[in-house]
Amino acid sequence: MNMSILDLVKAQIDKENETEILYIDGIDYLHPEYKRYYDRWQKIRDVIEGQEAVKDTSVRERYLPRLSGHTQTLEGQQSYEAFVGYAELYNATGRTVDAYRGLLNRKLPSVTVPDALDYVLDDFTIKGESIYTFIEQLEVELITTNRVGIFVDYPYVDPDSKLSKADMARMNMNPYATMYPAESIINWEETRINNKIVTSLVVLKEVDYVRLTSVMPMEQITYRVLELDENGFYRQVIIHPEYLNTPSGNSRVQGSRYIVKGTVYPKQNGQYMRYIPFFPVTAQGVTWNMSKSVIEDLVNVNIAHYRDTAFHQKAIAWTASPTAVFSGLPDDVPSVSIGSEDAILIAIGGTAKYLEYEGKGLEDIANALHSKENQMAILGAKILANTAGKAESGEAALIHRAGEQGILADIATTVGVAMEKALGIIAAWKGLKPVKGEIKIEINKDFNPGVMDANTILALGKELDEGRISYESYMYALQRGEILPPERTPDEEKRLISERFKGTAISKETLVKYLDKKDINSILGRDDTVMDKKHKSTEPNMDTSNDDSADSDDAEEDMEE
């Protein structure tokens, strides 16, 4: 094992209170990969937030640099302020993120959990958010930064306390999940233990606002350290920066030390844990390996477009309004009124005309803007690239499925895997041992809205009739085509069909030719219920008697009626 965080802790006696203070230096250290990506994440978030964010005085020069004439003098500053005012953010990035989120959630995620975990559907986080809200938040973070973390924890319980089941229910003592955005995961480490690479350290930076001595909230930073100790047991260390009050007492400043506030060893069903219940998630999988955001290229073009709008609008302001020019006016004319009801006297040889812009500069800038708008449209659509609806060979289809139909499908797959891992830990904390398939999360991967047409439905029915596909495959196709609800199972559909034709008696001699005889009973749910495809009555009024002496012809006549 590598050196643990607590090995770096130092002790110092607080002379005023005569107590020992444990502190640590450097807990705010940033992982090299974090420092590499941090500015890129902020750029993406600013553009998504919109024009007010990119024009904020703290960052606006990053997105719209000063020109040579925009000096730090009063005149230069005023000129730059006007230049910023001309710029307009065409927020294709924000709209694209909204579109991707909508496509991923076009159909509600399919969530399968044991009965004992049903509560997570509506109460998955410590804030009481549903599992569906949590999934959507994960998706947005992955689209935005391609980095997010899932942390599973259990409310702290004093080891000496003896809580009844009623007490635990009243206190909501259930494991819960917390999402950490990329900027909050500041440091991490992996270690080889028992010939397997595992997460051995995670440092999370949490920022809250708390009221201390007045009604005014103050920023409170907490560093939550998750690590495996020297014996391989999981523990949490809570660390706060040292804060010093200002002379006025109305505010405080951060000191140079970081104070250790507490250490706890979480237990799972009475046993110490040998793993850290934290999962780093990217579009490429549950991994610490980082890569750029799926929308970063789009963001860069969006910023370039934003800069071009400043030049374009400034050029319009300077050139678009015609300017009246006179020569040969009498010296005693102080001003000139322009309009059809006023006469202007000009000396012999004098002129009167308008100066108007006639160059191609404006057109070139406008063309550049249109070009970047087309680039943004292409970059936004590229993520959705797939071959849905196109004929493929078996090998091509296999390759296509391996690629998961583009980056959005990769995100859907990764979110499903990560959520299943998190639910597995929650189940273990509840003392459950779910078998394979009891916990399953499926995120929508059908990004092409459109209901199946009638011809396709008939073709599928024919394939079913002639025994070339199973009833389950037929159901799956109808669900993908949005003819049947996605959550309906084959058994439920068979039950509904059985209830639809309940009480209908038809002779077995008129057995439908296009349905397999061995499947008809299971589909309709009864031995004596079959329908002749020759009869088209949708609401048959037939004899419900099961008398074996009933004549087949009578039944058919009733059916026609």
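The values are calculated or read from the model by the stated rules, or taken from the named source; none is laboratory data. In this text, all values refer to a predicted model and were calculated from it rather than measured experimentally. Note that we place each Cβ from the backbone using ideal geometry, even for glycine, and neighbour counts take in every protein chain shown.
On the stretch given as the stretch 380-435, residues that are modelled with pLDDT of 85 or more and on the phi < 0 side of the Ramachandran plot total 27.
Select from the stretch 68-92 the residues that are in contact with a Gly (Cβ under 7 Å, 6 or more places away or on another chain) and closer than 20 Å to residue 54 by Cα and write down the one among them that is surrounded by the fewest Cβ atoms within 10 Å (Cβ to Cβ). Steps first, answer last, please.
Let us first name the residues in the stretch 68-92 that are in contact with a Gly (Cβ under 7 Å, 6 or more places away or on another chain), namely 69-70, 76, 79, 89, 91-92.
Next, from what is left, pick out any that are closer than 20 Å to residue 54 by Cα: 70, 79, 89, 91-92.
Details: 70: 20, 79: 15, 89: 22, 91: 19, 92: 22.
Filtering the stretch 68-92 for residues that are in contact with a Gly (Cβ under 7 Å, 6 or more places away or on another chain) and closer than 20 Å to residue 54 by Cα, the one surrounded by the fewest Cβ atoms within 10 Å (Cβ to Cβ) comes out as 79.
In the stretch 41-93, what residues are of a type in the set (Lys, Arg) and in a helix (DSSP H, G or I)?
Let us first name the residues in the stretch 41-93 that are of a type in the set (Lys, Arg), namely 43, 45, 55, 60, 62, 66.
Of everything in the stretch 41-93, those that are of a type in the set (Lys, Arg) and in a helix (DSSP H, G or I) turn out to be 43, 45, 60, 62.
Applying a threshold of 9 Å to beta carbon distances and a minimum spacing of six or more residues, or different chains, the list of pairs starting in the stretch 374-386 at a residue that is of a type in the set (A, V, I, L, M) and ending at one that is modelled with pLDDT under 65 reads 384/405; 385/405.
Applying the criterion of being more than 25 Å from residue 142 (Cβ to Cβ) and in contact with a helix residue (DSSP H, G or I) (Cβ under 7 Å, 6 or more places away or on another chain) to the residues of the stretch 41-66, the residue that is surrounded by the most Cβ atoms within 10 Å (Cβ to Cβ) is 64. Taken over the stretch 110-146, the criterion of being surrounded by fewer than 20 Cβ atoms within 10 Å (Cβ to Cβ) and assigned to a loop (DSSP other than H, G, I, E, B) is satisfied by 114, 122, 123, 126, 127, 128, 129, 130.
Any residue that is of a type outside the set (Gly, Ala, Ser), in contact (Cβ under 8 Å) with a residue 60 or more places away in the chain and over 26 Å from residue 144 (Cβ atoms) - is there at least one of those in the stretch 73-85? Yes, the stretch 73-85 has at least one match.
Among all positions in the stretch 1-21, there is at least one residue which is crowded, with 17+ Cβ neighbours inside 10 Å, assigned to a helix (DSSP H, G or I) and modelled with pLDDT under 90. Yes or no: the stretch 462-469 includes at least one residue that is under 30 Å from residue 276 (Cβ atoms), at pLDDT 85 or above and not in a helix (DSSP H, G or I). No, because not a single residue in the stretch 462-469 is under 30 Å from residue 276 (Cβ atoms), at pLDDT 85 or above and not in a helix (DSSP H, G or I).
Candidates in the stretch 255-291 are the residues that are among the small types (Gly, Ala, Ser) and assigned to a loop (DSSP other than H, G, I, E, B); of these, the one that is farthest from residue 8 (Cα to Cα) is 283. Residue 323 meets the conditions (1) among the hydroxyl-bearing types (Ser, Thr, Tyr); (2) surrounded by fewer than 12 Cβ atoms within 10 Å (Cβ to Cβ); (3) touching a residue at least 60 places away in the same chain (Cβ under 8 Å) in every case but one. The failed one is (3). Here residue 188 meets the list (1) surrounded by fewer than 20 Cβ atoms within 10 Å (Cβ to Cβ); (2) within 21 Å of residue 290 (Cβ to Cβ); (3) of a type outside the set (Gly, Ala, Ser) almost entirely, failing just condition (1). Number of residues in the stretch 491-502 that are surrounded by 14 or more Cβ atoms within 10 Å (Cβ to Cβ) and either within 31 Å of the chain's Cα centre (by Cα) or farther than 20 Å from residue 442 by Cβ (or both): the value is 4.
Quick check: anything in the stretch 211-221 modelled with pLDDT under 90, on the phi > 0 side of the Ramachandran plot and either touching a Ser or Thr at 6+ places or on another chain (Cβ under 6 Å) or not in a strand (DSSP E or B) (or both)? There is no residue in the stretch 211-221 that is modelled with pLDDT under 90, on the phi > 0 side of the Ramachandran plot and either touching a Ser or Thr at 6+ places or on another chain (Cβ under 6 Å) or not in a strand (DSSP E or B) (or both).
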